[in-house]
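The values are calculated or read from the model by the stated rules, or taken from the named source; none is laboratory data. Note that the structure is a prediction, hence the values are computed from the model and not measured. Here the Cβ positions follow ideal geometry from the backbone for every residue, glycine too, while neighbour counts run over all protein chains shown.
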Amino acid sequence: MNFQVGDRVETIDDVITGTVQAVNGTTITVETDEGFPLMYEAAELVKITTDEIARQLSNQGIYNAIQEKEASKKPKRNLEKTRKERVETVMEVDLHIHQLTNKYKGLSNYDMLTLQTDTAKRQLEFAIRKRIPKVVFIHGVGAGVLKEELYYLFRQYDNVKYYDANYQKYGLGATEIYIYQNPK
């Protein structure tokens, strides 16, 4: 490509535009838009025409379009969580029988329920001792027998309040308890 002094050019591999200041064979001296003189080979440069389509297809235009697209892809910033929500520790206890023992095939329903309620009581006592304020007991949906046994267990403690756990995270098969650290 023939370059002449005064031509507007742009680099192929970089986002630099400028004006041709000198032509010495295949070496072209370009003064960038920022005012720096740089030397390039003719194969590294492209003339910029005043045509609107060519301006849109220039490296700078493409670079700007990519930056806009990347900016739109960035996830929107969520609202800041309060300090309490960031620090809050929630202990999860899965009471599904296959999570508690490997040898559950020969157990009766009563034995399974006893194992599950004993585990729940042991974990609840642990949470009270370690001052963990929230515990989620994952019991599953089923017929609701384990859920009722858990409610009976929770009612025996004055410093425990129980309610359904977060539906989006656990569905219907979990109960969350809050342990008051300083009961009155």
TODO: Scan the stretch 112-134 residue by residue and report those that are over 14 Å from Gln99 (Cβ atoms) and in contact with a Ser or Thr (Cβ under 9 Å, 6 or more places away or on another chain).
DONE: Ile132, Pro133, Lys134
Task: Residue that is surrounded by the most Cβ atoms within 10 Å (Cβ to Cβ) [pool: residues in the stretch 1-51 that are charged (D, E, K, R) and at pLDDT below 85] - done: Asp14
TODO: Mind listing just one residue for me: the one in the stretch 129-138 that is of a type outside the set (A, V, I, L, M, F, W, C) and surrounded by 12 or more Cβ atoms within 10 Å (Cβ to Cβ) and, of those, farthest from the chain's Cα centre (by Cα)?
DONE: Pro133
Task: the stretch 66-122 - residue that is small (Gly, Ala, Ser) and farther than 24 Å from Glu176 by Cα and, of those, modelled with the highest pLDDT - done: Ser108
Task: Any hit, the stretch 169-176, residues being in the same structural domain as Leu115 (by TED's automatic domain parsing), of a type outside the set (A, V, I, L, M) and either more than 27 Å from the chain's Cα centre (by Cα) or farther than 15 Å from Asp94 by Cα (or both) - done: no
- [ ] Search the stretch 139-183 for residues being acidic (Asp, Glu) and in contact (Cβ under 8 Å) with a residue 24 or more places away in the chain, and hand back the single one that is surrounded by the fewest Cβ atoms within 10 Å (Cβ to Cβ).
- [x] Asp158
